[in-house]
Amino acid sequence: MLVPARAGQDPVNVPMIRHWVEAMGDPNPVYLSADAARATGREGIVAPASMMQAWTMRGYAASTAPSARTAFDELVELLAEGGYTSVVATDSEFEFVRELVPGDEVSTEEVVESISAEKRTGLGPGRFVTTVRTYRDASGAVVAVQKWRTLRFRPAEERALRPRPAVNQDNAFWFEAAMEKRLVIQRCSSCEALRHPPGPCCPHCRSFEWDTVEAAGRATVHSYVVAHHPPHPAFDYPLLIALVELAEGTRLITNLVGVAPDEVVIGMPVRLEWLEADPELVLPVFRPES
C-alpha cells in the first residue's frame with residue numbers, strides 16, 4: 001500500500017527550529033547561529049535531524065479536515081474494525097541523507113511494507129505494522145528515510161472487579177477468614193450470643209469481648225430478590241441476591257448460584273461454596289442442596 005506524497009504546511013524555518021531546541025534543551029549553536037554553523041563547514045543554519053518528521057506533521061485543523069484522510073488512515077480504521085485498537089510499542093529507524101536548511105520544502109510519502117501474522121502478547125493478540133516513510137525536498141531528492149514499526153493489539157477482555165467491601169476494624173476478621181475459605185460468626189464471650197454482621201458490642205449484654213465460631217455451611221433461603229438493573233460488568237445477570245439463615249441461627253446476605261430464578265423457593269436448603277472473585281477477594285455463595 002502506497003500513501004501518496006504529502007507536502008509539509010510550512011518550509012523549514014528558524015522560528016520552528018528555535019521552539020524545538022528550546023523545548024528539547026539542545027544548546028548546539030549551529031541550529032540558530034549562521035556564524036557558528038559556518039565555523040563547522042556548513043553554509044548556514046541547519047535544522048536538527050530529529051525535527052525531520054515535524055516538518056510534515058499536519059497539525060490539528062489539517063488532520064481533521066475530510067480531505068486529509070489517507071490510505072494509512074483507512075488501514076488504521078480497518079485494523080480497528082478487527083479489534084486492534086491499541087498501540088503498545090513503537091520503533092523508529094532513521095537514515096538521514098542530508099541536513100535541512102531554512103527554506104527547504106519537505107514532503108513525505110509512505111509505503112506499508114508489511115503487516116505481520118497475529119502475535120500473542122501479554123496484553124492481547126496483536127500485529128506488527130511496518131511502514132517506510134521517504135522524505136524529499138522540493139526537487140524530489142531524498143533527504144531521509146524512516147522505517148516506522150508499531151505493535152497494534154486487541155486488548156484482552158478482562159472481567160471487571162467486584163466492588164470492594166467496606167472493611168474496617170470491626171469486620172476485617174470476617175473477610176480475612178473468607179480469604180482462607182472459612183465462614184465465621186462473631187460470638188459474644190460473655191453470653192455466647194451469635195451475631196452478624198459483626199459489630200464491636202453485643203446487642204444483648206453489651207459486652208465488648210468476643211470470639212468466633214466456624215459455620216458448618218448449611219443454610220435455608222429466608223428471602224431473595226432477582227436483580228436486573230443497574231447492570232455491573234462484574235456480575236452475571238439475572239443476579240440472585242438472597243438472605244439465607246445459617247444452621248447456627250444467624251442470617252447472611254449472599255448470592256445464590258447454580259439455580260434459575262424461577263426455581264428458588266423460600267425455605268430451600270442450600271450449602272456453602274466459595275467464590276474466588278479475584279486474588280484479593282473471596283466471598284461465600286450458596287448453591288441448592290443436591
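What to note about this one:
- The spread of Cα positions in region 101-155, taken along each principal axis and listed from longest to shortest, comes to 47, 19, 11 Å.
- Two-site label geometry, V257 and R162: point separation in nm, points 7 Å out along Cα→Cβ: 0.9 nm
- Per residue accessible area of the chain, 1.4 Å probe, in Å²: 58 Å²
- Span from the region 203-241 Cα centroid across to the region 262-290 one, whole angstrom: 10 Å
- Inter-label distance, nm, simple model (7 Å from Cα along the C-beta direction), F175/R18: 5.8 nm
- Calculated diffusion of region 87-212, Stokes-Einstein form, Kirkwood radius summed over Cα pairs, 25 °C and 0.890 mPa s, µm²/s: 116 µm²/s
- Cα gyration tensor, region 201-264 - rounded (a/c under 1.5), prolate or oblate: prolate
- Mean separation of Cα contacts under 8 Å, 6 or more apart, over the residue count of the chain: relative contact order %: 13 percent
- Over all other residues within a Cβ to Cβ distance under 10 Å of S223, the charged ones net out to 0, with Lys and Arg as +1 and Asp and Glu as -1.
- The value for the chain of Rg(Cα) / (2.2 N^0.38 Å) is 1.77.
- Accessible-area value, I45, 1.4 Å probe, nucleic acids and ligands omitted, Å²: 30 Å²
- Exposure of V112 as accessible area (Å², to 10), given a probe of 1.4 Å and all protein chains: 20 Å²
- Calculated FRET efficiency for the pair E109/D26, C-beta based, R₀ 30 Å, to 0.05: 0.60
- Scaled radius of gyration (Cα, divided by 2.2 N^0.38 Å) that region 182-290 gives: 1.18
- The modelled label-to-label distance for the pair E81/R206, using points 7 Å beyond Cα in the direction of Cβ, is 7.5 nm.
The values are calculated or read from the model by the stated rules, or taken from the named source; none is laboratory data. Remember, it's a predicted structure, so these values are computed and weren't measured experimentally. We place every Cβ from the backbone using ideal geometry, glycine too, and count neighbours over all the protein chains shown. These accessible areas exclude ligands, DNA and RNA; they are computed on the full protein's heavy atoms, side chains included. Shrake-Rupley method; radii C 1.70, N 1.55, O 1.52, S 1.80 Å.
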